[in-house]
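Right, one structure below, let's go through it.
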Amino acid sequence: MRSGADFRHTIRRGAKGVQPTLVTHVVPGTGGHTSVGFVVSKAVGSAVERNRVKRQLRHLMRDRLPVVPEGSRVVVRALPPSQGARSSTLAQHLDAALARSGVR
RNA sequence: UGAGUCGGCCGGGCGGCCGCGGCGCGUCCGUCAGGACGGGUCGAGGAAAGUCCGGACUCCACAGAGCAACGGUGGUGGCUAACGGCCACCCACGGCGACGUGCGGGACAGUGCCACAGAAAUCAGACCGCCAGCGGCCUUUCGGGGUGCGGGUAAGGGUGAAACGGUGAGGUAAGAGCUCACCAGCGCUCCGGGUGACCGGCGCGGCUAGGUAAACCCCACCGGGAGCAAGACCAAGAGAGCACCAAUUCGUUCGCGAAGCGGUGCUUGCGCUGACGGGCUGCUCGUCCCAUGUCAGCGGGUAGGUUGCACGAGGCGUCCAGCAAUGGGCGUCCCAGAUGGAUGGUCGCCCGGGUCGACGGAGCAAUCCGCCGACCCGACAGGAUCCGGCUUACAGGCCGGCUCAUUCG
């Protein structure tokens with residue numbers, strides 16, 4: 001996901017899943033390709049720390065693409081506690097948040 | 001061996017599995033666009049950071065020029081595209097020393113300021129003290145002493161960051177560069193050395209001069225403005241109303257009626273361009289741009305895409321010139337170009353450091369060395385047009401030069 005409009009639409013209309021380190025927004029089955037975006041604000045940390053979190057989430061989300069309905073739009077927002085978190089922790093929270101957002 | 005100082009460099013490594021961005025290649029599929037798979041190659045830093053200086057590049061303005069204003073820089077010589085940077089040297093200060101620090105032009109061009117303390121803070125200054133004289137009073141051992149008044153005195157005391165040179169001698173009522181000798185310091189002439197800042201020396205002068213210019217100011221030198229969201233190209237898009245013409249479509253009683261792509265004209269809105277009048281940091285000649293008004297002409301706007309954009313003040317090696325900064329020759333290499341922004345995720349082993357414990361060795365001991373194990377830690381920090389600097393942040397480690405102290409030879 002690349003355009004600001006897609007991000008805005010998904011965050012406003014998507015089903016929310018809230019966890020300590022992240023929040024997911026999912027709009028299922030709008031047709032076309034499945035798209036995923038990440039939002040890591042400056043509150044999370046410096047550029048180095050934000051990139052690290054974004055890379056962890058990108059790899060975790062890649063493994064979960066098969067369980068997301070085809071054509072969905074997903075936005076993962078990282079919260080400040082995600083700074084320095086282990087990938088295993090982020091994985092747990094991502095699974096739980098996606099479940100609350102109606103995936104699976 | 002210990003203490004110190006300066007410079008240079010590195011800033012985790014290897015492997016398994018799963019992945020990412022750019023650019024070539026091959027095979028296959030496809031309606032041209034393109035897609036799939038395989039393989040190759042390149043893919044963050046010493047600070048990529050802060051955005052503080054300097055440039056390249058681009059646009060705007062400019063015949064441009066002078067003065068003024070404003071901003072910046074400030075020992076000398078060199079280096080550089082340039083710099084407020086770097087190198088070497090000078091001077092001052094600190095250190096035994098290696099070395100470090102410097103916001104290093106001018107305080108006889110002028111103006112201002114110098115708190116508190118102190119009597120007095122810059123054409124300085126009599127509070128105490130010292131001194132002789134004078135008159136009154138008190139006292140007297142008849143020498144004088146005390147007190148008071150005006151006067152002389154900058155040697156002494158005290159205040160201060162700073163009090164108008166220092167030491168000695170002469171001199172004097174007491175003193176004073178008042179005079180002399182030496183020393184310090186200031187100015188000037190001359191001689192020698194150096195490209196220069198400046199250094200060394202002979203002589204003379206008047207005897208003595210405070211600080212502050214990151215206070216105003218003076219002097220010398222430098223400076224047009226905005227910035228890659230610069231700029232260029234392309235795609236898409238390009239208002240409303242009225243009138244007329246009208247491709248085409250629909251209906252038709254074949255007369256025509258309705259809708260209307262597109263075009264023309266008028267009105268209005270918005271934007272752009274030009275002219276007039278007016279305004280530009282001030283002035284002069286001159287010129288251009290712009291808010292608004294009038295007139296004329298044109299049609300846009302918008303971070304959509306492409307480009308700018310990565311062969312460069314380039315990296316590495318070597319030789320030469322130079323104390324060095326740096327420059328030159330030769331050879332060799334191609335080395336990030338993303339745009340919600342790639343260079344990674346995870347696991348294992350190793351490496352480095354710290355703490356604790358066991359064992360062995362040396363020693364009277366504190367302790368040191370070796371080896372093994374467990375646990376913990378591995379920093380600061382992510383390109384966004386590019387380059388040269390500066391500044392700031394940084395776990396830990398490596399290499400080298402030099403200095404001082406001690407011991408031994």
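Okay, here's what the table says:
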{"quantity": "Segment A:44-79 - residue that is more than 9 Å from RNA strand B (Cβ to nearest atom) and among the charged types (D, E, K, R) and, of those, nearest to A:Pro20 (Cα to Cα)", "calculated": "A:Arg64"}
{"quantity": "Residues of segment A:76-87 classified as aliphatic (A, V, I, L, M) and either at pLDDT below 80 or part of a loop (DSSP other than H, G, I, E, B) (or both), total", "calculated": "2"}
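For every residue, the table says whether it meets (1) in a helix (DSSP H, G or I); (2) surrounded by 17 or more Cβ atoms within 10 Å (Cβ to Cβ); (3) modelled with pLDDT under 80.
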residue	(1), (2), (3)
A:Ala43	yes, no, yes
A:Arg50	yes, yes, yes
A:Val74	no, yes, no
A:Thr89	yes, no, no
A:Leu94	yes, yes, no
A:Ala97	yes, yes, no
A:Val103	no, yes, yes
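The values are calculated or read from the model by the stated rules, or taken from the named source; none is laboratory data. Source: prediction; values computed, not measured. Counting neighbours? That spans all protein chains shown, and the Cβs are built from the backbone with ideal geometry, glycine included.
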